[in-house]
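Here's the structure, in structure tokens; my notes come after.
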Amino acid sequence: MINSDIIAQTKVFVKKTLEGAEGGHDWFHIERVYNNTMLLAKDEAVDQLIVALGALLHDIADAKFYNGDETVGPKMATEFLESIEVDAEIIDHVVKIINNISFKSSLKVDGASVAKPFTSLELQVVQDADRLDAIGAIGIARAFNYGGFKNREMYNPEILPNVKMTKEEYKKSTAPTINHFYEKLLLLKDKMNTETGIKLAAQRHLYMVAFLDQFYNEWNGKE
């Protein structure tokens, strides 16, 4: 059961913390992931409060905006949840979601496969919700918004996608935005966990494929 007061306080905290954030990782991203999470949670036997808090706090301090420091987000979430006296067991689960939700967490480190240290149905639901916001029309918009934010090329035919990046290579990549489709976005369809997430991801995946076809036709002056 969701404690509406805890959720309300968390929303206020997240909105304030992310004020002025890059457009693909701002409050509206959080709100969409939260809405996706609650949609997916309807069909899963999950703790509603944990998935709600996981969604709201999953990007409270994305490492890419903190010089790659992956400890800032979990620390910030923990301190906030403790300040509003959330049970320690719930805080621990939410922090584990934050630590394990990202795509890069599934990548190899120094060439070695990473064994997932934690999994739960709650993590799977929030992860699906976050990944849904990375694909489809919104995903395309977010990719180019972040590319512009980092002053990256949209596309460069001479720079090929690297689909076998390690976690370190992924974090340091400055490749054109189109490469990101092949290095992450087009891979997400097959990484979904829930039945509803799989269904929604399939639709959004097809939209991205059609976009890329149109993009290359326009780039190369074809009809």
Original post:
Of all the residues that make up segment 138-154, how many are crowded, with 17+ Cβ neighbours inside 10 Å and either closer than 11 Å to F181 by Cα or hydroxyl-bearing (S, T, Y) (or both)?
Top reply: 4
Subject >> Pair list, Cβ under 6 Å, 6 or more apart: segment 173-200 residue polar (S, T, N, Q), other residue surrounded by 20 or more Cβ atoms within 10 Å (Cβ to Cβ) and in a helix (DSSP H, G or I) >> reply: T177/A143; T177/G147; N193/Q124; N193/D128; T194/L40; T194/D128; T196/L40
Original post:
Counting only residues that are part of a helix (DSSP H, G or I) and among the charged types (D, E, K, R), how many does segment 157-187 have?
Top reply: 6
Original post:
Within segment 16-25, is even one residue over 25 Å from G139 (Cα atoms) and either over 17 Å from the mean Cα position of the chain (by Cα) or not hydrophobic (A, V, I, L, M, F, W, C) (or both)?
Top reply: no
**OP:** Name the residue, out of T37, T78, T10, that is touching a Leu at 6+ places or on another chain (Cβ under 6 Å) and part of a helix (DSSP H, G or I).
**Re:** T10
Subject >> Residue count, segment 132-156 (criterion: assigned to a loop (DSSP other than H, G, I, E, B) and either over 16 Å from A175 (Cβ atoms) or free of Cβ contacts under 8 Å to residues at least 60 places away in the same chain (or both)) >> reply: 9
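Inside segment 174-193, can you point out the residues that are surrounded by fewer than 14 Cβ atoms within 10 Å (Cβ to Cβ) and under 26 Å from N220 (Cβ atoms)? Talk me through it step by step, then tell me what you get.
Filtering segment 174-193 down to residues surrounded by fewer than 14 Cβ atoms within 10 Å (Cβ to Cβ) leaves 174, 190.
Within segment 174-193, just T174 meets the criteria.
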Subject >> Residue list for segment 13-34, filter: free of Cβ contacts under 8 Å to residues at least 60 places away in the same chain, surrounded by 15 or more Cβ atoms within 10 Å (Cβ to Cβ) and assigned to a loop (DSSP other than H, G, I, E, B) >> reply: L18, A21, D26
**OP:** State whether one or more residues within segment 79-98 are at pLDDT 95 or above and within 14 Å of the chain's Cα centre (by Cα).
**Re:** yes
Subject >> Which numbered condition G111 fails, given (1) at pLDDT below 95; (2) surrounded by 16 or more Cβ atoms within 10 Å (Cβ to Cβ) >> reply: (2)
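Going residue by residue through segment 132-139, is there one that turns out to be of a type outside the set (A, V, I, L, M, F, W, C) and either under 25 Å from Y66 (Cα atoms) or touching a strand residue (DSSP E or B) at 6+ places or on another chain (Cβ under 7 Å) (or both)? Outline the logic, then answer.
Narrowing segment 132-139 to residues of a type outside the set (A, V, I, L, M, F, W, C): 133, 136, 139.
Those still in the list that are either under 25 Å from Y66 (Cα atoms) or touching a strand residue (DSSP E or B) at 6+ places or on another chain (Cβ under 7 Å) (or both) too: 133, 139.
The answer is yes, given that some residue of segment 132-139 is of a type outside the set (A, V, I, L, M, F, W, C) and either under 25 Å from Y66 (Cα atoms) or touching a strand residue (DSSP E or B) at 6+ places or on another chain (Cβ under 7 Å) (or both).
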Original post:
Here are some residues: A202, A129. Which one is modelled with pLDDT of 95 or more, surrounded by 15 or more Cβ atoms within 10 Å (Cβ to Cβ), aliphatic (A, V, I, L, M) and not in a loop (DSSP other than H, G, I, E, B)?
Top reply: A129
**OP:** List every residue pair whose Cβ atoms sit under 9 Å apart, with the two residues 6 or more apart in sequence or on different chains, where the first one lies in segment 58-75 and is at negative phi and modelled with pLDDT of 90 or more and the second, anywhere, is surrounded by 17 or more Cβ atoms within 10 Å (Cβ to Cβ) and of a type in the set (F, W, Y).
**Re:** I60/F13; I60/F80
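The values are calculated or read from the model by the stated rules, or taken from the named source; none is laboratory data. These numbers were taken from a predicted model, which means no experiment stands behind them. We place every Cβ from the backbone using ideal geometry, glycine too, and count neighbours over all the protein chains shown.
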